[in-house]
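Since the structure comes first, as structure tokens, the remarks are kept for the end.
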Amino acid sequence: MSEITPELVRHLAGLARILVSDEEVEQFTKQLSVIADSVAHVSKAIDADTPSTSHPIAMANVFREDVVEPSLSQAEALSGAPDSADGRFKVNAILDEE
Amino acid sequence: MAKAELMNYEQALEQFEVVIGLEVHVELNTNTKMFCGCKNEFGNEPNTNVCPICIALPGALPAVNKTAVESSIKIGLALGCEIAPTGRFARKNYFYPDLAKNFQTSQYDEPIAFEGALEVEVPSGAVHNVLIERAHMEEDAGKLTHIGGSTGRIQGAEYSLVDYNRAGVPLVEIVTKPIYGAGSEAPELAAAYVRSVREIVKGLGVSDARMERGNVRCDANVSLRKKGAEKLGTRTETKNVNSLRSIERAVRYEIQRQAHILANGGTIIQETRHWHEDKGATSAGRPKSDADDYRYFPEPDLVPVQPSRELIESLRATLPEKPADRRKRLAGEWGFSELEFRDVVNADLLDQLEETVAAGAKPQAARKWWMGELARIANESEEGAIPNITPAQVAELAKLIEDGKINDRLAREVLGYVLAGEGSPAEIVSARGLEVVSDDGALIAAIEAALATQPDVLDAIREGRMQAAGQVIGAVMKAMAGSADAARVRELLIEMANK
Ligand SMILES: [Zn+2]
């Protein structure tokens, strides 16, 4: 059985900055449990020698040459921002850092 | 910020064993960023080196910079690391607007380089073998400016402005294993280690390695444990230590602060702390918390990096001389005493001396200028910064003295004008007419005037009491406002005495 608890769901929601209601916590606990159980099921099918996979296609070493390409203009870069000042993105002060 | 109480340093060392750990971030000097083709350049207009990838517009896909990977491998090799046959990128999730993606692309359990070692010499001459845990690739974050509030810091700020030009610039983070046994030299070792890393990346040509620009940055972990205890103490991580001097001071401060707390029955809180160069103290940042649950997972948009043996060996073949070997070579070439040489290393002036000698100065003359007058000026300046003068200019100054064009006193005057931006030493000497007077007529006149008040000097010289000449030379110098060629005055005096 999965170890997804309502407390864990609240913790994850907090990390992801998502506000969840009590009903949602209950709903997500059940849903995440199904997902976690499914993953656990797959884990049973492999042994320690199976290499971990992060991609469905076995591909490696896809590189870009170190050549400058055009960037956006400052106006373009800021065009999607809710707010800006002095050519910069304006964001709320965040108080739990520094 | 309340200043913490500190234990006397020697006393702290008597009671506690110091364990340090260092994380050094090196910004690579590639042409472009880590995952996009934006320029990697310092000092441009804000948000002009940005694109959909580095400001995280929906659908943008990263692509790894090949040169950045090769530079990272070179750093790993130079640190004696193993290079991983497979390295993967991972997302480090956190919410802070210095990266627009809400995660930093980094490496987690599969760094490109691991298990290295670096021999580091501290000022006493002792050599420590610092073990390297790993070196991994990641991207730098954007720059935040906090607006409002009184101090420009985040406390009390009303809002922050973000420039993403630096976001996505390639970084290599080098992490040491815990370093034991440095004892009272732990602060010096921390600084010497960072200096060595900086020398290495500079020597490799993979970073501009300018600490004042943040090309090399250090976080210092410090913990104490009672002498003889098994268990490691709780550590603090001091951030924002961005000069060698600050690193040394910050580690020493943390040792004294933690010792005071522990000796008085207190406990150390695991937290990040910030170093304030002006106050010479650290202050508490945020404690380790839920926010540090970064939920790393493999970056699905990037495939693994699998450097071939051939690539690794071809990069290994390009590695320059190791810093320790370079020191041995220079010490031999320059013929300094052990102490003279170590002083140069500790003053962090090896590069300057080497370049000055390469520009034609004699090693001792180069040493005299950098370690003497220029060091004095640096010490008297507010930031303790090395004055704004090039090795070529110092070499030119030394050459002017050697050729007898100027004397030491005039050279110091010329140096002042060089630092004021008036041009090269030779230009200044001719523009200001600062050459020493070696015209015999003018010198003889001044000597005769001096002899008129000290008539016994010639007799003294004839009797072999050369120190008597000093009085006349001094008087001539004074009369000619310091511009007399002292060596020539001396010669003329001897000639006159022997006539
Ligand atoms: Zn970009």
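The values are calculated or read from the model by the stated rules, or taken from the named source; none is laboratory data. Owing to the predicted nature of the structure, the values given are computational and were not obtained by experimental measurement. Don't worry about glycine lacking a Cβ; one is built from the backbone with ideal geometry, like all the others, and counts go over all protein chains shown. These accessible areas exclude ligands, DNA and RNA; they are computed on the full protein's heavy atoms, side chains included. Shrake-Rupley method; radii C 1.70, N 1.55, O 1.52, S 1.80 Å.
Out of the total accessible area of segment B:321-432 (probe 1.4 Å, heavy atoms of protein only), what percent is carbon and sulfur?
Result for segment B:321-432: 50 percent of the exposed heavy-atom area is carbon or sulfur.
Give, rounded to the nearest 20 debye, the magnitude of the charge dipole that segment B:30-155 has about its Cα centre when Lys and Arg contribute +1 at Cβ and Asp and Glu contribute -1 at Cβ.
520
Based on the Cβ-Cβ distance from residue A:42 to residue B:93, what FRET efficiency comes out when R0 is 35 Å, to the nearest 0.05?
On the way: r = 23 Å, r/R0 = 0.66.
For residue A:42 and residue B:93, the calculated efficiency is 0.90.
Which of A:60, A:75, B:204 sits closest to the plus end of the dipole of the protein assembly as shown, meaning its Cα is farthest towards the positive end, when Lys and Arg get +1 and Asp and Glu get -1 on the C-beta?
Towards the positive end, the residue furthest out is B:204.
Determine, from the Cβ-Cβ distance of residue B:306 and residue A:76 and an R0 of 51 Å, the FRET efficiency 1/(1 + (r/R0)^6), rounded to the nearest 0.05. Write out the running numbers ahead of the final one.
Details: r = 36 Å, r/R0 = 0.71.
Efficiency at R0 = 51 Å is approximately 0.90.
Calculate the mean, over all residues of peptide B:59-71, of how many other protein chain Cβ atoms lie within 10 angstrom of the residue's Cβ.
3
Kindly provide log₁₀ I(q)/I(0) values, in the same order as q = 0.16, 0.27, 0.31 Å⁻¹, from the Debye equation applied to equal alpha-carbon scatterers of segment B:70-122.
Result of the Debye calculation: -0.61, -0.96, -1.11.
Would you please classify the overall shape of chain A from the alpha carbon gyration tensor, given that a ≥ b ≥ c denote the square roots of the eigenvalues, rounded means a/c under 1.5, and beyond that prolate means a/b larger than b/c while oblate covers the rest?
Working: a/c = 3.36, a/b = 1.32, b/c = 2.54.
Cα axes put chain A in the oblate bin.
Towards the positive end of the charge dipole of segment B:157-228, with charges on Cβ (+1 Lys, Arg; -1 Asp, Glu), say which of B:223, B:174, B:159 has the farthest Cα.
Result: B:223.
Among B:287, B:298, B:337, which residue has its Cα furthest toward the positive end of the charge dipole of segment B:260-368, with +1 on Lys/Arg Cβ and -1 on Asp/Glu Cβ?
B:337
With each pseudo-label sitting 7 Å past Cα toward Cβ, what's the residue B:126-residue B:14 distance in nm, one decimal?
If labels sit at residue B:126 and residue B:14, their model points lie 1.8 nm apart.
Roughly how many Å is it from the Cα centre of segment A:1-54 to that of segment B:103-182, as a whole number?
For segment A:1-54 versus segment B:103-182, the Cα centre distance is 32 Å.
Give me the net charge of residue B:233's neighbourhood, meaning all other residues with Cβ under 12 Å from the Cβ of residue B:233; Lys, Arg count +1, Asp, Glu -1.
Cβ neighbours under 12 Å give a net charge of +2.
For labels at residue B:210 and residue B:426 in the simple 7 Å Cα→Cβ model, what's the distance in nm?
My value for the distance between the label points is 2.7 nm.
Grab the Cα-Cα distance for residue B:449 and residue B:478, subtract it from 0.36 nm times how many residues apart they are, and report the gain in nm with one decimal. Let's see the in-between values first.
Working: separation 29, 0.36 × 29 = 10.44 nm, distance 1.18 nm.
The span from residue B:449 to residue B:478 would gain 9.3 nm if fully extended.
Can you list which of the GluC sites (Glu not before Pro) found in segment B:364-460 are DSSP loop residues with at most 10 other C-beta atoms within 10 Å?
Values: sites: B:373, B:380, B:382, B:383, B:396, B:402, B:413, B:422, B:427, B:435, B:448; in loops: B:382, B:383, B:422, B:435.
In loop regions of segment B:364-460 (DSSP not H, G, I, E or B), the sparsely surrounded GluC sites (Glu not before Pro) are B:382, B:383.
Pairs of alpha-carbon atoms within less than 8 angstrom and 6+ residues apart define the contacts here; what relative contact order does chain B have, in percent?
Values: 883 pairs, mean separation 72.2, N = 499.
About 14 percent, as a whole number.
Using a Förster radius of 35 Å, what is the FRET efficiency between residue B:385 and residue B:439 based on their Cβ-Cβ separation? Nearest 0.05, please.
Between residue B:385 and residue B:439 the formula returns 0.30.
For A:72-81, what's the mean count of beta carbons from other chains sitting within 10 Å of each residue's beta carbon?
Mean shielding by partner chains, rounded to a whole number: 5.
Within segment A:10-98, list the trypsin sites (Lys or Arg not before Pro) lying in a DSSP loop whose Cβ has at most 15 other Cβ atoms in a 10 Å radius.
When the trypsin sites (Lys or Arg not before Pro) of segment A:10-98 are filtered for loop state and at most 15 Cβ neighbours within 10 Å, A:17 remain.
Calculate the dipole size of segment B:264-417 relative to its Cα centre from +1 charges on Lys and Arg beta carbons and -1 charges on Asp and Glu beta carbons; express the result in debye to the nearest 20.
440
Go through segment B:217-293 and name the GluC sites (Glu not before Pro) that are in a DSSP coil and have 11 or fewer other Cβ atoms within 10 Å of their Cβ. Intermediate results must be reported in sequence, preceding the final value.
On the way: sites: B:230, B:237, B:248, B:254, B:271, B:277; in loops: B:230, B:277.
Here the GluC sites (Glu not before Pro) that fit, given the DSSP loop and packing criteria, are B:230.
Going by average Cβ density within 10 Å per residue, which order do the peptides B:203-211, B:303-311, B:105-113 take, highest to lowest?
B:105-113, B:203-211, B:303-311
Along each of the three principal axes of the Cα atoms of the protein assembly as shown, give the extent in whole Å, ordering the values from largest to smallest.
Dimensions of the protein assembly as shown along the principal axes of its Cα atoms: 113, 59, 54 Å.
Step by step: find N for segment B:3-314, compute 2.2 N^0.38 Å, then divide the Cα radius of gyration by it. What's the final number?
For segment B:3-314, the normalised Cα radius of gyration comes out at 1.02.
Work out the mean other chain Cβ neighbour count within 10 Å for the residues of B:164-174 and drop it here as an integer.
Shielding by partners across B:164-174 averages 1.
Could you provide, to the nearest whole Å², the per residue accessible area of segment A:6-45 with probe 1.4 Å? Don't skip to the answer; put the middle values down first.
Details: 2980 Å² over 40 residues.
Value for segment A:6-45: 74 Å² per residue.
Compute the signed sum of charges (Lys and Arg +1, Asp and Glu -1) over the other residues within less than 10 Å, Cβ to Cβ, of residue B:399.
Once all neighbours under 10 Å are counted, the net charge is -1.
In segment B:440-498, if every C-alpha pair distance is counted and binned at 10 Å from zero, what percent goes to each bin?
Computed distribution, short to long bins: 26, 63, 11.
How many percent of all Cα-Cα pairs in segment B:155-231 sit more than 14 Å apart?
73
Would you mind getting the accessible area per residue of chain B, heavy atoms of the protein chains only, 1.4 Å probe, in Å²?
Per-residue accessible area for chain B comes out at 45 Å².
Report the accessible surface area buried between chains A and B, summing both sides, using a 1.4 Å probe on protein heavy atoms only, in Å² rounded to the nearest 100.
Counting both chains, the buried surface is close to 4200 Å².
What's the magnitude of the charge dipole for the protein assembly as shown around its Cα centre, counting Lys and Arg as +1 and Asp and Glu as -1 at the beta-carbon? Answer in Debye, nearest 20.
Around 540 debye, computed over the protein assembly as shown.
Between residue B:279 and residue B:25, how many nm apart are label points set 7 Å from Cα along the C-beta direction?
2.2
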